[in-house]
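Quick notes on the structure that follows.
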Amino acid sequence: VAGQMVARDYGRLRQVNPLTLSFGAKISPSSNVNNGSANRTTTFEGIPFVFTLSPEARALSGVEASITAGLKYRLSASDRSATHLTIELYSRQIAFSAKSKADAPDARPGDYAYAQGSLGLVHSWQPASKNGAWTAGVTYGRSLYGGKSYTQSGQIYLTRAWDLGDKARLSLTAGAESTEY
């Protein structure tokens, strides 16, 4: 009974609180922290030469660490609709193993760091006479690779979802996205 009361009270608090935060972290070893080649050499079609890859272009081992953070803020809400501002952040950093440092002394871990962020506006609504819901959104994002600007993107979308029962839902999404490198 006490557990049910806590769950009910927590549900009410979520309805009243306009802010939702999410966080995640991951640390893992990797045999290829730089997305390098597993081969020491490469060839190009039509060129009769074999090219030796630099140590930095080959797979380097080490540790990857990433963090994610999200913020969703309800700007407005009614019984059948809600509008949210969203912010999402992601960062991936690496550290080389001792062997990678010896194999590629000129490589710097910061050269392979990646970060991205996005800002969005999402509006969801449920028509009174229809089964399911609609969602429309627009997002803008940027990313950095090696500390330098990598991408800039924008997206607009519209989703229609239909409830097919207690445990099934069908959704269709149409949208447009532009990414500039």
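The values are calculated or read from the model by the stated rules, or taken from the named source; none is laboratory data. Keep in mind the model is a prediction, meaning the values are calculated, not measured. Glycine also receives a Cβ, built like all others from the backbone with ideal geometry; neighbour counts cover every protein chain displayed. Please note that ligands, DNA and RNA were not included when accessible areas were found on the heavy atoms of the full protein model with its side chains. Shrake-Rupley method; radii C 1.70, N 1.55, O 1.52, S 1.80 Å.
Is at least one residue of the range 14-37 touching a Ser or Thr at 6+ places or on another chain (Cβ under 8 Å), at pLDDT below 90 and not in a helix (DSSP H, G or I)?
No: the range 14-37 contains no residue that is touching a Ser or Thr at 6+ places or on another chain (Cβ under 8 Å), at pLDDT below 90 and not in a helix (DSSP H, G or I).
With (1) surrounded by fewer than 15 Cβ atoms within 10 Å (Cβ to Cβ); (2) modelled with pLDDT of 95 or more as the list, and residue 79 as the residue in question, which single condition is left unmet?
(2)
Which ranges mark the strands (runs of 3 or more DSSP E) fully within the range 65-167 that have 3 or more residues being closer than 30 Å to residue 28 by Cα and of a type in the set (A, V, I, L, M, F, W, C)?
81-96
Spot the failing condition for residue 73; the list is (1) touching a helix residue (DSSP H, G or I) at 6+ places or on another chain (Cβ under 8 Å); (2) modelled with pLDDT of 95 or more; (3) open to solvent by 80 Å² or more (accessible area, probe 1.4 Å); (4) over 20 Å from residue 143 (Cα atoms), and only one is missed.
Single failed check for residue 73: (1).
Name every residue in the range 51-70 that is of a type in the set (Gly, Ala, Ser), farther than 13 Å from residue 32 by Cβ and either open to solvent by 70 Å² or more (accessible area, probe 1.4 Å) or under 24 Å from the mean Cα position of the chain (by Cα) (or both), in order of residue number.
65, 66, 69, 70
Cβ-Cβ below 6 Å, separation at least six or inter-chain, first residue in the range 86-103 and closer than 19 Å to residue 60 by Cβ, second of a type in the set (Val, Ile, Thr): which pairs?
94/33; 95/63
Consider the range 118-149. How many of its residues are open to solvent by 60 Å² or more (accessible area, probe 1.4 Å), touching a residue at least 40 places away in the same chain (Cβ under 8 Å) and more than 24 Å from residue 69 (Cβ to Cβ)?
Total meeting the criteria: 3.
For (1) surrounded by 12 or more Cβ atoms within 10 Å (Cβ to Cβ); (2) closer than 28 Å to residue 71 by Cβ; (3) out of contact with any helix residue (DSSP H, G or I) (no Cβ under 8 Å at 6 or more places or on another chain), each residue gets a yes or a no:
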residue: 103; (1), (2), (3): yes, no, no
residue: 106; (1), (2), (3): no, no, no
residue: 168; (1), (2), (3): no, no, yes
residue: 180; (1), (2), (3): no, yes, yes
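Starting from the range 18-38, keep only residues that are under 20 Å from residue 54 (Cβ atoms), then list their pairs with residues that are in a strand (DSSP E or B) whose Cβ atoms are within a distance under 6 Å, requiring at least 6 positions of separation or different chains.
Hits for this filter: 30/64; 33/62; 33/64; 33/94; 36/58; 37/58.
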